[in-house]
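K.L.:
Below are the structure tokens for one structure; questions will follow.
The values are calculated or read from the model by the stated rules, or taken from the named source; none is laboratory data. The structure presented is a predicted model; accordingly, all values stated were derived computationally and were not measured. Note that we place each Cβ from the backbone using ideal geometry, even for glycine, and neighbour counts take in every protein chain shown. Side chains included, ligands, DNA and RNA excluded: accessible areas come from the protein's heavy atoms. Shrake-Rupley method; radii C 1.70, N 1.55, O 1.52, S 1.80 Å.
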Amino acid sequence: MDFKKGDFKGVNILNGYQFTNQQLNHIMNIAADYERRVKAGEVIRDMEGMVVASLFFEPSTRTRLSFETAINRTGAKYISMADAKASSTAKGETLEDTIRTVDGYVDCIVMRHPEKGAAARAADIAEHPVINGGDGAGQHPTQALLDIYTMRKEKGHIGGQTITFLGDLKYGRTVHSLGYFMQQLGNKMIFASPEELKMPEEITADLINRGAQIEQTSDVKAALSQSDFVYVTRVQRERFPDEESYNRCRGSYIVDNALLKAAKPGITILHPLPRVDEIALEVDAYEGAAYFRQAHNGMYLRMALLGLVTGRA
Ligand code: NCD
């Protein structure tokens with residue numbers, strides 16, 4: 001199916017299971033086009049005259065900065081709330097009231113919030129499209145979209161491959177979204193995590209229900225020996241009920257050169273970042289270490305999403 005400019009106008013981007021494969025392919029193609037145009041030095045004005053709100057009720061480096069750069073690079077302007085403590089949230093304002101207000105100022109809302117389901121709540125209220133930049137331990141679809149954009153670039157295609165998700169699969173929202181894309185695109189998944197940080201049962205069951213091929217293991221070497229990709233996540237300290245349970249899990253897996261020796265040759269290493277200690281610094285020199293390229297791809301992908309949901313792409 002061919003899409004035309006404006007076909008995605010008004011679409012909220014909330015989770016990892018809302019797009020068909022044709023739509024995913026279209027998003028990837030638009031991102032690739034923005035990448036080409038930026039690299040060619042074009043001054044892009046696709047979103048000229050528009051204003052986007054960037055509301056971050058939770059810390060962020062890459063998601064916020066790449067969205068705000070993407071807004072600048074598409075010719076729009078943005079208003080930003082980078083610290084909820086400096087906003088009326090600190091006075092007790094509800095999310096609903098904040099969204100109702102901001103929705104009247106802008107053409108699109110990008111938001112991150114500590115509560116699962118917050119972006120969907122905002123989308124119910126807002127008349128303009130809402131893009132979920134992470135809702136607690138829920139979903140992080142724009143990250144998962146840039147992950148598949150990166151996978152496609154790194155290997156030349158996507159589908160029929162094997163990916164190991166290594167780390168905190170319980171609280172790591174990026175893998176919650178990426179798991180759905182992997183199922184849809186026909187990639188086999190291996191879940192490797194400490195027992196306490198396993199993928200939530202409801203997500204695993206839902207993925208299997210949709211036809212996903214999933215293996216669960218604690219044998220990281222065996223998993224990596226058959227994987228085309230390993231997607232590493234940080235132990236999500238801020239989501240643990242207490243420091244003691246965090247301490248039990250931290251440092252329980254580390255990707256270093258010794259582990260890479262057991263991996264399938266040419267394996268691509270992905271990580272949404274920030275990294276704490278789960279990938280040793282020595283691994284950065286490995287040519288398949290794609291995590292900084294992945295972070296850079298986020299800007300092009302987010303230019304595409306902004307252009308699409310505002311109807312300008
Ligand atoms: C991730 C997030 O916020 O979920 N970071 C990001 O957006 N790149 C991963 C993380 O915080 O570990």
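K.L.:
Is there a residue being closer than 23 Å to Ala280 by Cβ and either touching a strand residue (DSSP E or B) at 6+ places or on another chain (Cβ under 9 Å) or touching a residue at least 60 places away in the same chain (Cβ under 8 Å) (or both) anywhere in the range 199-212?
P.N.:
Within the range 199-212, not a single residue is closer than 23 Å to Ala280 by Cβ and either touching a strand residue (DSSP E or B) at 6+ places or on another chain (Cβ under 9 Å) or touching a residue at least 60 places away in the same chain (Cβ under 8 Å) (or both).
K.L.:
Moving to a separate point now. Ile109 fails exactly one of the following numbered conditions: (1) in contact with a Pro (Cβ under 8 Å, 6 or more places away or on another chain); (2) in contact (Cβ under 8 Å) with a residue 60 or more places away in the chain; (3) not hydroxyl-bearing (Ser, Thr, Tyr). What is the number of that condition?
P.N.:
Only one criterion in (1) in contact with a Pro (Cβ under 8 Å, 6 or more places away or on another chain); (2) in contact (Cβ under 8 Å) with a residue 60 or more places away in the chain; (3) not hydroxyl-bearing (Ser, Thr, Tyr) is unmet by Ile109, namely (2).
K.L.:
Additional query: So, in the range 102-114, how many residues would count as being of a type outside the set (D, E, K, R), within 14 Å of the ligand (Cβ to nearest atom) and in a strand (DSSP E or B)? Don't jump to the end; show me each part of the working.
P.N.:
Start the filter on the range 102-114 by keeping residues that are of a type outside the set (D, E, K, R), which leaves 102, 104-106, 108-111, 113-114.
Now drop any that are not within 14 Å of the ligand (Cβ to nearest atom), which leaves 110-111, 113-114.
When the remaining residues are screened for being in a strand (DSSP E or B), the result is 110-111, 113.
Total meeting the criteria: 3.
K.L.:
For the subset of the range 143-160 comprising residues that are in contact with a strand residue (DSSP E or B) (Cβ under 7 Å, 6 or more places away or on another chain) and open to solvent by 10 Å² or more (accessible area, probe 1.4 Å), which member is nearest to Gly288 (Cα to Cα)?
P.N.:
Glu154
K.L.:
Still on this structure: Just the residues that are within 16 Å of the ligand (Cβ to nearest atom), part of a loop (DSSP other than H, G, I, E, B) and farther than 15 Å from Lys221 by Cβ, please, taken from the range 232-267. Quick ask: steps written out before the conclusion?
P.N.:
Step one: list which residues in the range 232-267 are within 16 Å of the ligand (Cβ to nearest atom), which gives 232-240, 246, 249-255.
If we keep only those that are part of a loop (DSSP other than H, G, I, E, B) too, we end up with 233-236, 240, 250-254.
Once the filter is applied, which keeps residues that are within 16 Å of the ligand (Cβ to nearest atom), part of a loop (DSSP other than H, G, I, E, B) and farther than 15 Å from Lys221 by Cβ, the range 232-267 yields Thr233, Arg234, Val235, Gln236, Phe240, Arg250, Gly251.
K.L.:
Output the residues belonging to the range 113-129 that are open to solvent by less than 50 Å² (accessible area, probe 1.4 Å) and touching a strand residue (DSSP E or B) at 6+ places or on another chain (Cβ under 8 Å).
P.N.:
Hits for the range 113-129 are His113, Gly117, Ala118, Ala119, Ala120, Ala122, Ala123, Ala126, Pro129.
K.L.:
Something else now. Please work out which residue is nearest to Gly288 (Cα to Cα), limiting yourself to the range 239-251 and to residues that are touching a residue at least 40 places away in the same chain (Cβ under 8 Å) and out of contact with any Gly (no Cβ under 9 Å at 6 or more places or on another chain).
P.N.:
Filtering the range 239-251 down to residues touching a residue at least 40 places away in the same chain (Cβ under 8 Å) leaves 239-240, 245, 248-249.
Remaining after also requiring out of contact with any Gly (no Cβ under 9 Å at 6 or more places or on another chain): 240, 245, 248-249.
Numbers: Phe240: 31, Ser245: 33, Arg248: 30, Cys249: 27 Å.
Checked the range 239-251; the qualifying residue nearest to Gly288 (Cα to Cα) is Cys249.
K.L.:
Something else: Taking only pairs six or more apart or across chains, which ones have beta-carbon atoms under 6 Å, a first residue in the range 216-237 that is assigned by TED's automatic domain parsing to the domain that holds Asp277 and under 20 Å from Ser177 (Cα atoms), and a second residue that is away from the ligand (no atom under 16 Å from the Cβ) and among the hydroxyl-bearing types (Ser, Thr, Tyr)?
P.N.:
Ser227/Thr162; Ser227/Thr164; Asp228/Thr162; Phe229/Thr268; Val230/Thr164
K.L.:
Among the helices (runs of 4 or more DSSP H) confined wholly to the range 115-203, which include 3 or more residues that are within 11 Å of the ligand (Cβ to nearest atom) and not basic (Lys, Arg)?
P.N.:
141-155, 173-185
K.L.:
In addition: Can you pull out the residues in the range 134-149 that are more than 14 Å from Gln236 (Cβ to Cβ) and of a type in the set (Gly, Ala, Ser)?
P.N.:
Ala144
K.L.:
Can you give me the number of residues within the range 41-91 that are open to solvent by 80 Å² or more (accessible area, probe 1.4 Å), in a loop (DSSP other than H, G, I, E, B), modelled with pLDDT of 95 or more and not β-branched (Val, Ile, Thr)?
P.N.:
3
K.L.:
Which count do you get for residues in the range 130-142 that are surrounded by 24 or more Cβ atoms within 10 Å (Cβ to Cβ) and either free of Cβ contacts under 8 Å to residues at least 12 places away in the same chain or not β-branched (Val, Ile, Thr) (or both)?
P.N.:
So the count comes out to 7.
K.L.:
In the range 269-293, what residues are near the ligand (Cβ under 10 Å from one of its atoms) and either basic (Lys, Arg) or outside the structural domain of Thr174 (by TED's automatic domain parsing) (or both)?
P.N.:
The answer is Arg275, and nothing else.
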